[in-house]
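One structure is given here, and the rest of the page talks about it.
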């Protein structure tokens, strides 16, 4: 019997390095969502007092759940499970965005999201990875561990947003897109701040491309 039911809430997993622009992108989605009729819920890390994410948590009308343990990928499995179940059962949102920390490997989060029990109420619609354009253009100067993790975040993505494209030359952006396509030929590349469709359009596009949601095998089939 199919587990796809009208009550399953679609989930977008938002990944990328610290400073790449994940929260900026999420804030834009939250600003746009009322005009599109979408009700977004957010699952995030614990917040520090100085965190830029306080811009999100300080919105009393926004359905938000925090996970303990420092970051989404490091939290106990039941923490993320609990957060998703509470938001899904609240009736206050019809889409969820899970923002990971900059050091998160998407694989561990996808493993939780594609658990059979959780799939009864939610489905992973897409992984969206934000890549810092200027950093990636000069990534040969970065730490080896950073380059490996950036590759992992790209490998699992259906959409890769290249941020800060207004700070680098067009030919550099072309080279970044070519490098991303070599890592993950399936990924759609979007240039920020120029080319991102509003959240409603993006979700409709993702819905057409991922009927029934993304399985872990599908999410990771380019990661070998």
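The values are calculated or read from the model by the stated rules, or taken from the named source; none is laboratory data. Values in this document were obtained by computation on a predicted structure and should not be read as measured data. Cβ atoms come from the backbone with ideal geometry, glycine included; neighbour counts cover every protein chain shown.
Might you let me know whether the stretch 126-133 holds any residue that is modelled with pLDDT of 80 or more and in a helix (DSSP H, G or I)?
Within the stretch 126-133, the subset modelled with pLDDT of 80 or more is 126-133.
After this cut, where a residue has to be in a helix (DSSP H, G or I) as well, the list is 133.
The answer is yes, given that some residue of the stretch 126-133 is modelled with pLDDT of 80 or more and in a helix (DSSP H, G or I).
Can we say residue 104 is crowded, with 18+ Cβ neighbours inside 10 Å, assigned to a helix (DSSP H, G or I) and either in contact with a strand residue (DSSP E or B) (Cβ under 8 Å, 6 or more places away or on another chain) or modelled with pLDDT of 90 or more (or both)? So that I can check it myself, show each step before the final result.
On the way: crowded, with 18+ Cβ neighbours inside 10 Å: yes; assigned to a helix (DSSP H, G or I): no; either in contact with a strand residue (DSSP E or B) (Cβ under 8 Å, 6 or more places away or on another chain) or modelled with pLDDT of 90 or more (or both): yes.
The answer is no for residue 104.
Let me spell it out: the conditions are (1) in contact with a helix residue (DSSP H, G or I) (Cβ under 9 Å, 6 or more places away or on another chain); (2) surrounded by fewer than 23 Cβ atoms within 10 Å (Cβ to Cβ); (3) modelled with pLDDT under 90, and residue 175 meets all of them except one. Which number is the exception?
Condition not satisfied by residue 175: (3).
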